[in-house]
Structures are given as C-alpha cells and as structure tokens.
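A quick write-up on the structure given underneath.
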Amino acid sequence: MRKTLLALGALLSFSGTLAAHDYNLGSLHIEHPWAMAVPAVSPNGAAYLVIHNRGTDTDMLLGADTVRAGKTEIHEHLHKDGLMKMQKVEGGVAIPAGGQARFEQGGYHLMMFGLKQPLNDGDKFPMTLHFQKAGDLDVEVHVQTQAPAVTAEHQH
Ligand SMILES: [Cu+2]
C-alpha cells in the first residue's frame, strides 16, 4: 500500500494530472492505450484503447503488433449460450466518421499471445497500430491494474 501511494505521488507531481496519454494521427484521436497487468505465469495479455474519428470518412483498425508478444490479434468478447467467450475479429474494427471505436474490458481488445515478459503494473511497452486509411501509428502501452476512469471530456 505504501508503495502504491508513493508511486501515485510521483505520477501526480510529474504530470499534475492523472497519467493519461493520447495520440493524434490525421483525424484520429487515440486515447490512453493500456494493458491489464497479469500474473507472471500468464502467457497472454490484452490491451485496450479508445479511438475517436473526427474526420468525415470511416477508418478501420486492421491490427496491431508489439515486440512484447509473439502475436497480436483483434478480439471481441461475446455472450453465447450464457457463456462469455472471445474470438478473433476478421477484417478489423470500423471507426465511424464522427464516432469512436472502444476497446475495453468485456468488448474489443488487442489480444497479445506469447508474452515475452510479464505485464507488470507500471511497465510501458511499444505497440504499432495499423489503420486502413491513416496508416501506422506507434503508441506506448501503459500497464496498469485498473481500467482508466472515463473522463467527462470523453463521455460523448
Ligand atoms: Cu482475447
């Protein structure tokens, strides 16, 4: 607990705000890529982010890559026959013009298979996002133990 408080204090004094980070690529705005911390024995992990499209054309997230894992796939969670299962999304996820695509727990996620190092709280690692129209974007994924809070600015 003491360690957590110290870490939080360091973050607050560094940025003066919550440690959210975001990116712009053309008319796309990519909000806080993050991954859930997993136990060291876990071979796989999942990354999340929200993509806003401020343009007038639909774009697609086709996939992602990271050196941290052997393979990264877009997945979605489905409720089927009373069970929660996940499956690979073929063809990518649309980011509608004026809209957003949300990758969050219980929905779309970037599934990382064959982690080369455990995902420990506080880690940061690079990931490349592949968009159909906007091209590639390198982002930094922050490993954390809780989903980021949805801020008022982003509730739209
Ligand atoms: Cu998955």
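Mean separation of Cα pairs under 8 Å and 6+ residues apart, divided by the residue count of the range 40-156: what relative contact order is that in percent?
Relative contact order for the range 40-156 comes out at 34 percent.
Placing unit charges on C-beta atoms (Lys and Arg positive, Asp and Glu negative, everything else neutral), compute the dipole magnitude of the range 21-147 about its Cα centre in debye, rounded to 20.
Here the size comes out at about 240 debye.
Quick check on packing: order 74-81, 125-132 by the mean number of other C-beta atoms within 10 Å, highest mean leading. The partial results should precede the final answer.
Details: 74-81: 13.1, 125-132: 18.5.
Ranking, from highest mean packing down: 125-132, 74-81.
Pairs to check: LYS88/LYS133; LYS80/LYS133; LYS85/LYS116; LYS88/LYS116; LYS71/LYS133. Give those whose C-alpha atoms are more than 26 Å from each other in this structure.
Result: LYS80/LYS133 exceed 26 Å.
Bear in mind these aren't lab numbers, they're just calculated from the coordinates by the rules spelled out. Quantities reported herein were computed from a predicted structural model and do not represent experimental measurements. With ideal geometry, Cβ positions are generated from the backbone for all residues, glycine too; neighbour counts draw on all protein chains shown.
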